[in-house]
Amino acid sequence: MKNNIDFIIFALKQLKAAENFGFSRNEANRNLKLALNHYWQAKELGIHIFRKHKLKKTKAASRTKIENTEVEHAVPAQVIVDMLMNLKKFETNNVKKILKKYWRVILVTKSEHRKLNDKKLKIRSSMPKDWKKKYKMDPMARYKLAKIKF
């Protein structure tokens, strides 16, 4: 019987094959992102974005009405996709290690969401420029840069 990570590895292999065929990563990563949301976030972690009250919250989001909040990935999904695609082999332990460390879903206020999307910070769909050195690949680096507190 297949487990959740098997479906993610299958989608990784599909994306690799699509890239080898000539598709760009951006054009071909839809199945992988769906697999990550369904098989990792929902099935493995039990995180459903429609149950906002169960998500980890920023300090401000914990004092805000739920309808004034947004769901955010601490590390943007595309960054995680790139990390997974950079693996030499798509092995269960390597894939799980990345997902366990970096796949985090956070509830933020709408104003915090705007901060994270601010063009000046350049972290809407990426990690801070000096993420590897200054932040030592901390999954919460975007929030630290944007001065969002937990």
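The values are calculated or read from the model by the stated rules, or taken from the named source; none is laboratory data. Keep in mind that what you see is a predicted model, and the values were worked out from it rather than measured. Please note: Cβ atoms are built from the backbone with ideal geometry, for glycine as well, and neighbour counts cover all protein chains shown. Side chains included, ligands, DNA and RNA excluded: accessible areas come from the protein's heavy atoms. Shrake-Rupley method; radii C 1.70, N 1.55, O 1.52, S 1.80 Å.
Using alpha-carbon pairs under 8 Å, 6+ residues apart, how would you state the relative contact order of the chain in percent? So the answer I get is 25 percent. Between K133 and E67, the simple label model (points 7 Å from Cα in the Cβ direction) yields a spacing of 4.7 nm. Annotation: extensible slack from N93 through M1 equals 31.4 nm (criterion: 0.36 nm per residue apart, minus Cα-Cα distance). When only DSSP loop residues count, what trypsin sites (Lys or Arg not before Pro) in the range 1-38 have their Cβ near at most 15 other Cβ atoms within 10 Å? Counting only loop positions with at most 15 other Cβ atoms within 10 Å, the trypsin sites (Lys or Arg not before Pro) in the range 1-38 are K2. The alpha-carbon atoms of the range 71-124, seen along their principal axes, cover 39, 21, 11 angstrom, with the largest extent given first. Looking at the range 50-146, the chymotrypsin sites (Phe, Trp or Tyr not before Pro) that sit in a DSSP loop and have at most 15 other Cβ atoms within 10 Å of their own Cβ are F50. For the range 38-107, which trypsin sites (Lys or Arg not before Pro) are in a loop by DSSP, counting at most 15 other Cβ atoms within 10 Å? Those that pass, being in a loop and sparsely packed, are K43, R51, R63, K65, K88, K89.
Solvent-accessible area per residue in the chain equals 64 Å², computed with a 1.4 angstrom probe and all protein chains kept. About its Cα centre, the chain has a charge dipole of approximately 760 debye under the convention of +1 per Lys or Arg Cβ and -1 per Asp or Glu Cβ, with nothing else charged. What shape does the range 1-64 have by the C-alpha gyration tensor, where a ≥ b ≥ c are the square roots of the eigenvalues, rounded means a/c under 1.5, and otherwise prolate means a/b greater than b/c and oblate the rest? The shape class here is oblate. Less than 5 angstrom separates the built amide H of K57 from those of L107, all sequence-distant by 5 or more or on a different chain. Using alpha-carbon positions, what is the distance between the centroids of the range 1-68 and the range 80-113, in Å? Their Cα centres are 9 Å away from one another. The structure shown yields P(r) over Cα pairs in 10 Å bins from 0, in percent, and of the options (1) 11, 37, 35, 15, 2; (2) 9, 33, 35, 19, 4, 0; (3) 11, 41, 40, 8, 0 that calculated value carries the label (1).
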